[in-house]
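Let me begin by presenting the structure, written as structure tokens, before commenting on it.
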Amino acid sequence: MRRDIFQAIADPTRRAIIALLAIQAMTPNAIAEQFDSTRQTVSKHIQILQECGLVTSDQKGREIYYQLEIDKMKEVDHWLAQFRKIWETRFNQLDNLLSTIKKEKNEQESAI
């Protein structure tokens, strides 16, 4: 079953795993040591991340290393881009309004 990337990042534990793997590839045991969960629970989170393509595995000898597929995160960035433009527009409007209010206040103080 192919999962949606947004399902994967909806869980705080999976977001924390993503943050860990963004720094370096890690074994399941090394990842599990970072959480107050069982290794089995962490493995389930890793499986979900793999199913949506955010994480891939690489066998090195007897160890499996998981790494983040950073390009897959671009889906989230593209989705957020539409909102980023809205936020920037609103912040610019707010900045203009505050500048106008400040200018009017300075003019009133100068008139007194």
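The values are calculated or read from the model by the stated rules, or taken from the named source; none is laboratory data. These numbers come from a predicted model, not from an experiment. Positions of Cβ are backbone-derived with ideal geometry, glycine not excepted, and every protein chain shown enters the neighbour counts.
Tell me, yes or no, whether the stretch 83-106 has at least one residue that is without any contact (Cβ under 8 Å) to a residue 40 or more places away in the chain and touching a Pro at 6+ places or on another chain (Cβ under 8 Å). Within the stretch 83-106 (the criterion being without any contact (Cβ under 8 Å) to a residue 40 or more places away in the chain and touching a Pro at 6+ places or on another chain (Cβ under 8 Å)), the answer is no, since none of the residues qualifies. The single condition among (1) among the small types (G, A, S); (2) under 22 Å from T13 (Cα atoms); (3) modelled with pLDDT of 90 or more that G61 does not meet is (2).
Go through the stretch 64-97 and give me each residue that's at pLDDT 90 or above, surrounded by 14 or more Cβ atoms within 10 Å (Cβ to Cβ) and of a type in the set (D, E). Of everything in the stretch 64-97, just one residue is at pLDDT 90 or above, surrounded by 14 or more Cβ atoms within 10 Å (Cβ to Cβ) and of a type in the set (D, E), namely E69.
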